[in-house]
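Peer 1: Have a look at this one.
The values are calculated or read from the model by the stated rules, or taken from the named source; none is laboratory data. Note that the structure is a prediction, hence the values are computed from the model and not measured. Cβ placement follows ideal geometry from the backbone for every residue including glycine, while neighbour counts extend to all protein chains displayed.
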Amino acid sequence: MSASAVFILDVKGKPLISRNYKGDVAMSKIEHFMPLLVQREEEGALAPLLSYGQVHFLWIKHSNLYLVATTSKNANASLVYSFLYKTIEVFCEYFKELEEESIRDNFVIVYELLDELMDFGFPQTTDSKILQEYITQQSNKLETGKSRVPPTVTNAVSWRSEGIKYKKNEVFIDVIESVNLLVNANGSVLLSEIVGTIKLKVFLSGMPELRLGLNDRVLFELTGLSGGKNKSVELEDVKFHQCVRLSRFDNDRTISFIPPDGDFELMSYRLSTQVKPLIWIESVIEKFSHSRVEIMVKAKGQFKKQSVANSVEISVPVPSDADSPRFKTSVGSAKYVPERNVVIWSIKSFPGGKEYLMRAHFGLPSVEKEEVEGRPPIGVKFEIPYFTVSGIQVRYMKIIEKSGYQALPWVRYITQSGDYQLRTS
Amino acid sequence: MTDSKYFTTTKKGEIFELKAELNSDKKEKKKEAVKKVIASMTVGKDVSALFPDVVNCMQTDNLELKKLVYLYLMNYAKSQPDMAIMAVNTFVKDCEDPNPLIRALAVRTMGCIRVDKITEYLCEPLRKCLKDEDPYVRKTAAVCVAKLHDINAQLVEDQGFLDTLKDLISDSNPMVVANAVAALSEIAESHPSSNLLDLNPQSINKLLTALNECTEWGQIFILDCLANYTPKDDREAQSICERVTPRLSHANSAVVLSAVKVLMKFMEMLSKDLDYYGTLLKKLAPPLVTLLSAEPELQYVALRNINLIVQKRPEILKHEMKVFFVKYNDPIYVKLEKLDIMIRLASQANIAQVLAELKEYATEVDVDFVRKAVRAIGRCAIKVEQSAERCVSTLLDLIQTKVNYVVQEAIVVIKDIFRKYPNKYESVIATLCENLDSLDEPEARAAMIWIVGEYAERIDNADELLESFLEGFHDESTQVQLQLLTGIVKLFLKKPTETQELVQQVLSLATQDSDNPDLRDRGYIYWRLLSTDPVAAKEVVLAEKPLISEETDLIEPTLLDELICYIGTLASVYHKPPSAFVEGGRGVVHKSLPPRTASSESAESPETAPAGAPPGEQPDVIPAQGDLLGDLLNLDLGPPVSGPPLTTSSVQMGAVDLLGGGLDSLIGGTNFVAPPTAAVPASLGAPISSGLSDLFDLTSGVGTLSGSYVAPKAVWLPAMKAKGLEISGTFTRQVGSISMDLQLTNKALQVMTDFAIQFNRNSFGLAPAAPLQVHAPLSPNQTVEISLPLSTVGSVMKMEPLNNLQVAVKNNIDVFYFSTLYPLHILFVEDGKMDRQMFLATWKDIPNENEAQFQIRDCPLNAEAASSKLQSSNIFTVAKRNVEGQDMLYQSLKLTNGIWVLAELRIQPGNPSCTVRAPAPTLRPWSLPLVLVEDAVQASLQAWLEPESVRSLKRTFLESFHIHPVRLPR
């Protein structure tokens, strides 16, 4: 059904640590993994799923490590990949960074976690906050022999422990929208979507019941709020954290939940409504073989005049053999980053409606190099605070706890660039 | 302070030192020593010598130390089974520890110690833990049952753990329920016959309730388990779907995909007219699109699955083309999959955009991606006729880039475009010819040669062009050689005067100087054709070619249905059924989609054709690069033959299979063995015993019936056609296994050895389940009897007649081919008894045209006798009733590939008649000739009735019927 064993390998394919869950695949089979990976890479047929005879390797890479699951059955592949990513998440929460060194430094805990995360190939408890309650880093804590299974592990509410107390009860809500954009070389928008996430930082005592109200169009239509002044947003696909009662949402679009403690992502949503690209780029890249490259980039802020985009970074591709850069910008500064073969034009603050210009000039060697280069797109990064492209709004956050305390919700909105690419010709 | 210090000790005498430390009195030192041992184990050093010393540390109240010792045990117990027993006591004790964490730890570790000797000691502790008050212990114990079952299934069954596990499905704690479901599913998967997961509406309801409460992983276990259930009707299917759809909003992609699996499967049962059907379709698209923003590996799994979903139900994502546009930083495996889906979604409405994208991709750097993009342009041309012209001009633009591999790919796809739209774009040939010299890949060369040969009359210098290839004939790959041979023959037939020399040259190169039997055979055929009857040659070689269809690389519908049941798993990523890559394919149950069964009486229009494959039309699929050999043969020699080539060592006969259908018109079947029928109709004149005495006969006989009717052996391969090897045989089915009983006789003068057998693809996927075992060499005049077990998991290809089986037998002398017909009833499976409700619902749904009737004469059986006789051939009585003095029997049978046939048997005194219906709608354009069913019914009834010598299969109703089969759940 799932993984037979899980390995963590170093960048050369040497196992750092492993756990055999089912015993139906010989642990020595992992030796074939790296040669196979290299071979496939050379053939240009690399995929996240490799097979060697009857053994299948499902792998992901994280910094300088490979996480590999083996199986000889028709395992649930999506479950395995999801689990591997979750494992990384848990390790990162425990060790901050997950890399060769942190595995070695914490091998006892890694073994303990691997034992708790999965049993016989079935993922078990993977919530790091809960795990931290009974698998602790300070080994001396354990010696008291007091450690018990927190009831939370097997509770229906498996993400929040009882008895949490705060002096001041607060919830911070961050509504973050990322704009993904793909524009082709002749300037027409191929794909424009908004991926929003609502992140919560919860400092609440006890077992509070929360209800979040959004200006969700479907909800407005259900409750007759639509029309008039109420602007609503049509969410195309919504994904929720484990804690949200999905059937309730399916029934009446109510987002109700008992939150985990601290930081977590409550929900994400997607909208593919066409919006005007927030920062529009026009570029002319003229390449004169054997002599020079001339780049002209025009950036335009196509959002409300009151808003300001911060930390704008426009990266423009240049040939890898370019040299002697010269720049001229109407605002901000430009920098050549040879290791990435780009010019980065940074603008600290970019008000809506404004238009800026950058020119760059590079020399090219007279001897042309042989390999053909791809045509990487122009990428843009930015952040626009106090603003959501979709127009989504938190209408209310109701917090009910049996002790009846008053809690304050705080809301912040921000729009930022996601995968924002403009192809060059 | 970090653990890394434990790795540093590498000096000599380390083991000895560790031993001393492990036996130290100081707790702290002991723990340090165990950590060092584990560190050594982690880096792969063998520390098994310390086994007794480490186990001695097991009894400790330090949890961390205990965990480490347990870990050590799991690793080394197998290599030290005798000493592992030392650990048993501690396990038993730990399972009673007041701390549930320790109880669970003990029960979890116990199951991981795969030592047979100690398993029995673990039963008692496990039993207690399964009833533990703490859910954390219970959920761990549930998994332990699956572990133990894996080591010793019998023990687990004897101890009644399976029943306890089933009880846990009703546990109050959702996590326990989830683990119990997971454990049961795991056990059921390795023991498909066990019927462990006895799913019924009540248990399904429990699972659906638990679904709302358990962890994300538990939700996946439950959804995967639900996917194995078959609702009894569309109402139940809909209500389950309604409760599963909220899962589509889960943040975990794996939960979403498992939910999609359940929905895609149960949707099959819903009528397309239902409003709910449309609602569900609409609900599926957004989550599938969102999966594309997951991590790249999950994206890859999602894309491979979307590829299946798009083939099954193209309507779901037809408006979502844009999200599959490739991004610069996508990993290559994601890019290639997106491209594939883009082509599947291409339609007249979006073709302009798709083409613009493809053109963009074709100028990228990554060679594989560029090639695929160019190929995709060709596929668009073939798929969307309106776009063909634009595609061709795009391809011409690309050829102008002179990038070598782009040009070659373009030429390969242009060849397909020519085939799809003959006489339309030939003006581009001149441009193609300009690039002749730059072609260095066999596929591109072969394609170019095909084009030159096909349009020889329009290319002035066609002879020169082809001649230029001829110079290095022997250095070319087979596909180029074959194509060149055909191309020049075409040229000759079109321009006979100036090319006579050329054709002789190529024929002699192919027949005299080549070692390749395919090439030689084709050369000889052309030679003989040209020398005996040039007119016929022209008709054959220049025959009009069948059009290639628009859909490309479609997955065969039965396989597609099976793969839909495996959404999210490796099978869905490989696009192969699990039996193809999981060891011991026998243990794998083939899954299939449920049929549509309506609970209401609403009149429904006959279901429209399934995605992409209109009924009655098998799509020709443009083969992938590797299959070109087969394709080239098809191009010129008639209908598709796609069987895998059998051994080609025999010159005279080896080619027959390869060239298949195309050849019989050429050589008049002289090389074919006339297919002997399995049962030869004989006239019958035996006296019929009275019904009463027969009944008595039957009662005495019933106990001994162990299988279905077996026809006497018939000669399949006469000795004169097989260099002295005579093969006769018959087919039997006994308790679920099919076998081919063969009798091999050596009538030659030399000893025969090295026997092997192989089947061509056939309608029901029959294939030898074991190699042909002839233990000793077969001396002259010796005969051996062999029972060859058969499986039905081989590749499937429709044969004509349906029950035709082509067999190749090899020995040290040669390879021989013959074909035979097998009786259909060997394919009737033991679980062919349909549920009464289902029977009723299905029967009503079957359109009249799927119905056939025939009479069985001279069958003085009463209802009971007939029923039990039929049952011995796995034709089951579902219900019986009496109408106006006549007994009516309602029978069902199921074929190995899941096709059901339902029958009504009316028994009038002395005149039984049988109405056979097979359920509609059709899922694939297959028809099952009723005659075969009739034969099987008659054979089963009469085999017991008449003396063996006069066993006969009489057909009172000779017309052949086509009844449409359908897949029902197993």
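Peer 1: Which residue out of B:93, B:78 is within 14 Å of chain A (Cβ to nearest Cβ) and on the phi < 0 side of the Ramachandran plot?
Peer 2: B:78
Peer 1: What number of residues in segment B:320-357 are closer than 17 Å to residue B:375 by Cα, facing chain A (nearest Cβ under 8 Å) and within 32 Å of the chain's Cα centre (by Cα)?
Peer 2: Total meeting the criteria: 3.
Peer 1: Moving on. Starting from segment B:568-581, take each residue that is more than 7 Å from chain A (Cβ to nearest Cβ) and list its partners that are aliphatic (A, V, I, L, M) and assigned to a loop (DSSP other than H, G, I, E, B), counting only C-beta distances under 7 angstrom and pairs at least six apart or across chains.
Peer 2: B:575/B:555; B:579/B:588; B:579/B:793
Peer 1: Oh, and also: Would you call residue A:11 assigned to a loop (DSSP other than H, G, I, E, B), more than 8 Å from chain B (Cβ to nearest Cβ) and not basic (Lys, Arg)?
Peer 2: yes
Peer 1: Just for segment B:104-115: of the residues that are in a loop (DSSP other than H, G, I, E, B) and more than 8 Å from chain A (Cβ to nearest Cβ), which one is nearest to residue A:151 (Cα to Cα)?
Peer 2: Filtering segment B:104-115 for residues that are in a loop (DSSP other than H, G, I, E, B) and more than 8 Å from chain A (Cβ to nearest Cβ), the one nearest to residue A:151 (Cα to Cα) comes out as B:113.
Peer 1: How do the strands (runs of 3 or more DSSP E) wholly within segment A:242-331 filter down when requiring 2 or more residues that are more than 30 Å from residue A:161 (Cβ to Cβ) and over 22 Å from the mean Cα position of the chain (by Cα): which remain?
Peer 2: The strands (runs of 3 or more DSSP E) meeting that bar are A:279-288, A:292-301, A:308-317, A:323-329.
Peer 1: Just wondering, is there one or more residues in segment A:37-50 that are of a type outside the set (Val, Ile, Thr), assigned to a helix (DSSP H, G or I), free of Cβ contacts under 8 Å to residues at least 60 places away in the same chain and crowded, with 23+ Cβ neighbours inside 10 Å?
Peer 2: No: zero hits.
Peer 1: Just one of the numbered conditions (1) over 21 Å from residue A:414 (Cα atoms); (2) in contact with a Lys or Arg (Cβ under 9 Å, 6 or more places away or on another chain) is not true of residue A:288; which one?
Peer 2: (2)
Peer 1: For segment B:196-300, which fully contained helices (runs of 4 or more DSSP H) count at least 3 residues that are over 29 Å from residue B:558 (Cβ atoms), within 11 Å of chain A (Cβ to nearest Cβ) and out of contact with any strand residue (DSSP E or B) (no Cβ under 8 Å at 6 or more places or on another chain)?
Peer 2: Passing ranges, in order: B:201-211.
Peer 1: Quick one: which of B:227, B:182, B:188, B:259 is more than 23 Å from the chain's Cα centre (by Cα) and among the small types (Gly, Ala, Ser)?
Peer 2: Of B:227, B:182, B:188, B:259, the one residue that is more than 23 Å from the chain's Cα centre (by Cα) and among the small types (Gly, Ala, Ser) is B:182.
Peer 1: Residue check, residue A:26 against (1) in contact with a Phe, Trp or Tyr (Cβ under 9 Å, 6 or more places away or on another chain); (2) closer than 20 Å to residue B:150 by Cβ; (3) away from every other protein chain (no Cβ under 11 Å); (4) not basic (Lys, Arg), all met but one. Which one?
Peer 2: Of (1) in contact with a Phe, Trp or Tyr (Cβ under 9 Å, 6 or more places away or on another chain); (2) closer than 20 Å to residue B:150 by Cβ; (3) away from every other protein chain (no Cβ under 11 Å); (4) not basic (Lys, Arg), only one is false for residue A:26: (1).
Peer 1: What number of residues within segment B:801-821 are surrounded by fewer than 21 Cβ atoms within 10 Å (Cβ to Cβ) and within 19 Å of residue B:747 (Cβ to Cβ)?
Peer 2: Qualifying residue count for the region: 6.
Peer 1: Let me ask something else about it. Can you name every residue in segment B:212-237 that is more than 11 Å from residue B:181 (Cα to Cα), touching a helix residue (DSSP H, G or I) at 6+ places or on another chain (Cβ under 8 Å) and not acidic (Asp, Glu)?
Peer 2: Hits for segment B:212-237 are B:212, B:214, B:215, B:217, B:227, B:228, B:229, B:231, B:232, B:237.
Peer 1: Name the one entry in B:379, B:445, B:458 that is of a type in the set (D, E, K, R) and crowded, with 23+ Cβ neighbours inside 10 Å.
Peer 2: Just a single option satisfies the conditions, and that option is B:379.
Peer 1: Which one of B:739, B:763, B:795 is surrounded by 14 or more Cβ atoms within 10 Å (Cβ to Cβ), at pLDDT 85 or above, polar (S, T, N, Q) and within 32 Å of the chain's Cα centre (by Cα)?
Peer 2: Just a single option satisfies the conditions, and that option is B:739.
Peer 1: Pick from segment B:152-175 the residues that are over 21 Å from residue A:156 (Cα atoms) and among the β-branched types (Val, Ile, Thr): which of them is surrounded by the most Cβ atoms within 10 Å (Cβ to Cβ)?
Peer 2: This residue is B:156.
Peer 1: Give segment B:32-75 a look and list any residue that's surrounded by fewer than 19 Cβ atoms within 10 Å (Cβ to Cβ), within 12 Å of another protein chain (Cβ to nearest Cβ) and more than 45 Å from the chain's Cα centre (by Cα), or say none.
Peer 2: Answer for segment B:32-75, where residues must be surrounded by fewer than 19 Cβ atoms within 10 Å (Cβ to Cβ), within 12 Å of another protein chain (Cβ to nearest Cβ) and more than 45 Å from the chain's Cα centre (by Cα): B:32, B:60, B:61.
Peer 1: Shifting gears a bit: Filter segment A:249-274 down to the residues that are more than 8 Å from chain B (Cβ to nearest Cβ) and among the acidic types (Asp, Glu) and list them by number.
Peer 2: A:252, A:261, A:263
Peer 1: To continue, here is another question. Name the residues in segment B:200-215 that are buried (at least 21 other Cβ atoms within 10 Å of the Cβ) and within 30 Å of the chain's Cα centre (by Cα), would you?
Peer 2: Once the filter is applied, which keeps residues that are buried (at least 21 other Cβ atoms within 10 Å of the Cβ) and within 30 Å of the chain's Cα centre (by Cα), segment B:200-215 yields only B:207.
Peer 1: Another question about this same structure. Take the conditions closer than 26 Å to residue A:416 by Cα and among the aromatic types (Phe, Trp, Tyr) and apply them to residue A:327. Does it pass?
Peer 2: Spelling it out, it is not the case that residue A:327 is closer than 26 Å to residue A:416 by Cα and among the aromatic types (Phe, Trp, Tyr).
Peer 1: Could you say whether any residue in segment B:160-179 is of a type outside the set (Lys, Arg), part of a helix (DSSP H, G or I) and over 24 Å from residue B:211 (Cβ atoms)?
Peer 2: yes
This table checks each residue for (1) farther than 22 Å from residue B:31 by Cα; (2) among the aromatic types (Phe, Trp, Tyr); (3) touching a strand residue (DSSP E or B) at 6+ places or on another chain (Cβ under 9 Å); (4) assigned to a helix (DSSP H, G or I).
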site	(1), (2), (3), (4)
B:73	no, no, no, yes
B:82	yes, no, no, yes
B:92	yes, no, no, yes
B:102	no, no, no, yes
B:117	yes, no, no, yes
B:120	yes, no, no, yes
B:125	yes, no, no, yes
B:129	yes, no, no, yes
B:133	yes, no, no, no
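Peer 1: Continuing with this model, one more query. When you scan segment A:166-223 for strands (runs of 3 or more DSSP E) that lie fully inside it, which ones turn up with 1 or more residues that are touching a helix residue (DSSP H, G or I) at 6+ places or on another chain (Cβ under 8 Å), of a type outside the set (A, V, I, L, M, F, W, C) and surrounded by fewer than 15 Cβ atoms within 10 Å (Cβ to Cβ)?
Peer 2: Filter on segment A:166-223 gives an empty set.
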